Ligand code: COA
Ligand code: NAP
């Protein structure tokens, strides 16, 4: 699963605690796995305890070499009190949090003229408010540990894409939140950065926004001619949390094989042919 952990010492994050929102699946689980493989204690939250419990089994195998701990704790990131309580429990069971990964998100395809106020609000609430709630609730621990926050953003934040108005607004907000926190919390030794994944194989996000036929065409225009893996994102995250990135804050790191360079014209043509989830 982890493509080449030997590039970093396997105990790089031994004794450190990483808390990942939305860590029960997909890209965020890939990020959590890369931290666990390098010895971190890992807390993951999401709305579904069963899903988190299943993910935790794999994470425990990955950090067993340092007798690391894993805590799956259900919380909806839209509920600041529930999230604060999950973060407090993580601190008491795993130790103070060194790294927050704000990755929980929601997405669906919807033309702007059909999007309801609550549909727009729901994605803003999960992606943007949820990222604020996680950062805010972890602040004291991050200050104590001179820690960092990694936001999982998306190319929609800066490349407008049809049927993705809600996501574009939410993720642009996330990147600006990140920059403001970098400015304000730098004096406490806290770094904040965003990762923008390109299309990542095998994920819920890709499933919701694509079909195998559309993917085959899209891969031909990705400069690196492939979609990414969850480990591509996980490795970028461990780099940003590592001492190698000690002077990096306030940046948006594209991990997308160059996808953003070619814009959204192909997507905007294709999107009308894609199946849309029933409500
Ligand atoms: N098209 C248009 N509107 C949609 C929609 C769709 N496919 N799916 C949901 N909505 C609207 C709903 O109609 C509702 O608005 P309304 O009250 O005006 O009808 C609003 O969004 C909230 O929907 P609801 O199903 O109650 O939200 P939820 O909080 O249970 O779930 C979602 C949040 C909608 C984002 C859901 O898709 C989800 O849980 N996603 C998490 C996983 C995910 O998206 N992964 C990919 C990450 S990139
Ligand atoms: P995913 O597996 O669905 O990840 C989203 C996670 O967030 C899920 O584990 C989900 O778990 C959790 N979540 C959703 N709503 C939540 C809430 N209200 N409170 C707490 N947790 C919640 O999808 P993914 O595709 O891997 O996406 C992960 C991240 O990468 C997202 O931030 C997404 O925007 C970003 N991204 C993805 C791609 C891609 O190609 N897939 C590209 C660019 C950016 P529950 O449903 O159990 O709560």
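Rule-based calculations on the coordinates, nothing more; no lab input. This structure is a prediction, so every number in the text was calculated from the model and none was measured. When we count neighbours, we look across all protein chains shown, and the Cβ atoms used for this are built from the backbone with ideal geometry, even at glycine.
Put simply, the stretch 17-150 fits an ellipsoid with semi-axes of 27, 17, 12 Å; these come from the alpha carbon gyration tensor as the roots of five times its eigenvalues, largest first. Relative to the dominant Cα principal axis of the chain, helix 26-37 is inclined by about 30°.
Peptides 206-215, 71-80, 34-43, ordered by how many other C-beta atoms sit within 10 Å of their residues on average, highest first, read 34-43, 71-80, 206-215.
For the stretch 1-63, the spread of Cα coordinates along the three principal axes comes to 33, 23, 17 Å, biggest extent given first. A protection proxy built from the mean count of other Cβ atoms within 10 Å ranks the segments 95-102, 178-185, 20-27, 218-225, most packed first, as 20-27, 95-102, 178-185, 218-225.
In a solvent-free Debye calculation with one equal scatterer on each Cα, what is log10 I(q)/I(0) for the stretch 218-279 at q = 0.12, 0.22, 0.26, 0.29 Å⁻¹, listed in the order of the q values? So the normalised log intensities work out to -0.47, -0.97, -1.09, -1.18. For the chain, find the longest principal axis of its Cα atoms and tell me its angle to the long axis of helix 230-241, 0 to 90°, nearest 10. Helix 230-241 sits at roughly 50 degrees to that axis. Per the Kirkwood formula applied to alpha carbons, the stretch 189-230 shows a radius of gyration over Rh ratio, Rg over Rh, of 1.12. With the simple model of a label 7 Å out from the Cα in the direction of the Cβ, residue 244 to residue 146 spans 2.0 nm.
When the P(r) of the stretch 10-271 is calculated, the portion above 26 Å amounts to 36% of the C-alpha pairs.
Can you sort 17, 251, 48 so the residue with the fewest Cβ neighbours within 10 Å comes first?
Least crowded to most crowded, the residues run 48, 251, 17.
What angle, in degrees between 0 and 90 and rounded to the nearest 10, separates the Cα long axis of helix 49-62 from the longest principal axis of the Cα atoms of the chain? So the helix axis and the longest Cα principal axis differ by about 60 degrees.
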